[in-house]
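Participant: The structure follows.
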Amino acid sequence: MNDGPMDSQDIVAWGKPRPEKFFAELERIDALCEWGKPYGLDGFVRMEFHLCVSAAAECIIISRLIILYHSEAMICNVSDTLEVVTLLDLLPTNVTERNRIPLVGTPSVYKQDPPPRPPPGPPPRPPHVEPPPGWRGSLPDDVLSRFEAHVAGGWHDLAPGETRVQLDYTGLITFYDPTLSSLVEARQGKDRMHHNLQNISASDAAHVLAELRYVLTRKQGSGSSVDWKSTTRVVVERYADRLEYLRFLLSPNATVMFTDAAAQAFAVRARLLVMLGPYITTVDVPQQEQELSASANLNVTWLAPVVRRCATTFTSHIPLGMLTPQEVRIHAAVENTLREICRRLGLLWVQFFDVEEADEAKAAEVVEVGYRHIDELMSWLDWSLWVRCEPACGLGVRHISPLIFLRMEADGVFLFFSGGQENCYLPSWPFLKGDDPYDMTPRCISPKNAVR
């Protein structure tokens with residue numbers, strides 16, 4: 001896959017991205033396990049189907065913090081690391097005939113000769129499955145069973161995510177390390193969907209692998225006791241809903257709620273004060289003389305301490321000397337994210353500080369300026385909480401979750417749709433990407449009606 005979902009695994013396995021091997025799963029896990037032998041690794045956990053990311057950093061110069069949601073474990077030696085608890089002869093599943101469509105663009109990724117094409121015509125009917133003696137009624141449906149497995153995976157779509165996998169934040173390594181100059185240059189001017197690792201230099205790849213080896217071999221228990229998972233989560237919880245509501249108040253869609261632009265501006269000012277009020281002291285307020293010599297919305301220096309308190313409240317008490325290099329990156333990610341949030345809110349507050357004395361035209365002007373600021377900020381943050389279908393899907397929607405299943409054939413990858421309820425679907429590797437493989441806009445689909 002040229003858009004990079006397997007790049008990081010490939011670098012560990014083979015030292016560089018190998019897009020031509022995107023379906024070489026057995027070869028990949030063998031290479032990963034061979035690489036991990038010297039470090040006593042029993043296996044690997046990776047994301048599956050959809051990747052939910054909590055962005056706690058600027059995408060070019062600071063790391064992003066990844067939260068595990070829907071994951072799978074790859075065990076190197078099952079007999080050595082797992083104990084058999086039970087072996088059950090469960091009910092067979094009723095294999096049903098499935099609709100199918102080819103995955104757009106799939107054949108182009110094959111570098112080696114593909115296997116022979118199957119004969120033309122529809123796929124053969126599935127074999128009949130005999131129920132056990134004494135069974136009455138239908139057997140479990142195989143497609144529905146797979147669908148429910150994906151629904152179960154979707155239970156972890158939101159925080160706290162997959163809690164059975166515990167990340168060691170003191171050793172969290174990222175390809176958003178600003179010292180990886182080849183990737184910094186390759187990502188300039190590109191959105192996150194184009195941030196693959198194809199352009200990583202050999203020296204930068206070697207640097208990441210060296211850091212990974214260092215983390216795996218250093219003394220266990222290194223690092224601080226800072227709860228980075230909670231710290232990053234608190235940042236998102238504090239601002240996600242408030243920023244979204246603030247953008248709505250500033251949008252043209254909100255004008256129906258207010259009698260005029262002045263009333264709209266007053267409501268925005270009140271919301272800004274909710275977010276910045278805990279950081280404004282009485283000595284920060286510009287004095288009368290300052291306002292006479294320079295308008296408060298032109299002189300922003302009085303807000304500098306307010307923005308500083310807002311940006312460092314969560315991290316100012318953490319001594320950097322006790323952090324691992326990986327924790328230092330997380331610390332910088334949190335501070336830089338908060339700094340940009342607080343900087344934008346500060347710029348808005350300067351505009352809205354005396355808006356209650358402004359006329360209608362001035363109020364409309366600051367509302368328009370404010371909307372641009374918040375819209376740009378939310379695009380920069382790009383938090384997963386804001387990824388959803390708008391308007392919402394029909395009755396019965398449960399999760400943003402994959403509803404399609406995979407079968408390899410010579411002429412490509414085929415998707416099988418199950419169920420009948422409308423769902424909010426987030427296009428994810430390698431499924432249902434449509435004409436634009438980088439369009440990740442969530443959409444409502446009805447699996448029953450998606451394919452005939």
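The values are calculated or read from the model by the stated rules, or taken from the named source; none is laboratory data. No experiment lies behind these values; they were computed from the predicted model shown. Ligands, DNA and RNA are excluded from the accessible area calculation, which covers all protein heavy atoms including side chains. Shrake-Rupley method; radii C 1.70, N 1.55, O 1.52, S 1.80 Å.
Participant: How are the alpha carbon pair distances in region 159-302 distributed across 5 Å bins from zero to the largest one, expressed in percent?
Facilitator: The distribution over region 159-302 is 2, 6, 10, 9, 11, 13, 13, 10, 10, 8, 5, 3, 0, 0, given as percents.
Participant: Leaving out ligands, DNA and RNA but keeping every protein chain, what accessible area does Leu212 have, in Å² rounded to the nearest 10, with a 1.4 Å probe?
Facilitator: Around 40 Å² of this residue is reachable by solvent.
Participant: Right, another one. In the full protein assembly as shown, how much of Tyr176 is accessible to a 1.4 Å probe, in Å² to the nearest 10?
Facilitator: It works out to around 40 Å².
Participant: How do Thr301, Thr163, Thr282, Thr324 rank by accessible surface area computed with a 1.4 Å probe, from largest to smallest?
Facilitator: Largest to smallest exposure gives the sequence Thr282, Thr301, Thr163, Thr324.
Participant: While we're on this one: Ignoring ligands, DNA and RNA, what percent of the 1.4 Å accessible area of region 202-272 is carbon and sulfur?
Facilitator: Answer for region 202-272 is 54 percent, counting heavy atoms of protein chains only.
Participant: How far, in nm, would the chain grow between Ser138 and Glu244 when pulled straight, counting 0.36 nm per residue and subtracting the alpha carbon separation?
Facilitator: The Ser138-Glu244 span can extend by a further 33.4 nm.
Participant: OK, next. Report ³J(HN,Hα) in whole Hz for each residue of region 370-382, in order, from the Karplus equation J = 6.51 cos²θ - 1.76 cosθ + 1.60 where θ = phi - 60°; Gly and Pro get x.
Facilitator: x, 4, 4, 4, 6, 5, 5, 5, 5, 5, 5, 5, 6
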